[in-house]
1. Can you pull the percent of the chain's accessible area that's carbon plus sulfur, 1.4 Å probe, other chains left in place?
2. With charges only on Cβ, +1 for K and R and -1 for D and E, what is the dipole size of the chain about its Cα centre, in debye, rounded to 20?
3. Search the structure for amide H atoms under 5 Å from the amide H of Asn94, placed 1.01 Å from N in the peptide plane, and list their residues when 5 or more places away or on another chain.
4. Determine how large the accessible area of Asp11 is when every protein chain is in place; take a 1.4 Å probe and give Å² rounded to the nearest 10.
5. In the chain, if the dipole is taken from +1 on Lys/Arg beta carbons and -1 on Asp/Glu beta carbons about the Cα centre, which of Leu61, Pro31, Gly95 is farthest to the positive end?
6. For the chain, what mean projected area does the convex hull of the alpha carbons give, in nm²?
7. Write out the GluC sites (Glu not before Pro) in the chain meeting two conditions: DSSP loop, and at most 13 other Cβ atoms within 10 Å of their Cβ.
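The values are calculated or read from the model by the stated rules, or taken from the named source; none is laboratory data. Because the structure is a prediction, the values reported are computed rather than measured. Note that we place each Cβ from the backbone using ideal geometry, even for glycine, and neighbour counts take in every protein chain shown. Surface accessibility is based on the protein's heavy atoms, side chains included, excluding ligands, DNA and RNA. Shrake-Rupley method; radii C 1.70, N 1.55, O 1.52, S 1.80 Å.
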Amino acid sequence: MPHIVPFVLEDVIFAGESVQLQCHVSKGDLPLQITWNFHGKELSSHSGIHTMKAGDRTSLLSIASVTSLHSGDYTCTAANKAGVATHLTTINVNGSL
């Protein structure tokens, strides 16, 4: 069963700042499939949100310039033959662009 290392974000992010989340799977057999969801919908790259695989066990989500549209829940899901693990964090954007 995969294990995601918990990740957190600063409490308040201001509009125009950049954000990067790292989803790292410390345990679990390869191959792993790591995906990101925003408000429950799978995303690859939209609304200025980019995801990138960084090796077999890590995926990065980055937003170059956050706006109020980026506020919400982001979930990383890691799956392999043994099961599925998820970790959720919330981004709160202060101000608007």
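1. 52
2. Approximately 300 debye in magnitude.
3. Ile13, Phe14, Ala15
4. About 130 Å², rounded to the nearest 10.
5. Farthest along the dipole direction, towards plus: Pro31.
6. On the way: hull surface 22.1 nm².
Averaged projected area of the chain's Cα convex hull equals 5.5 nm².
7. Glu10
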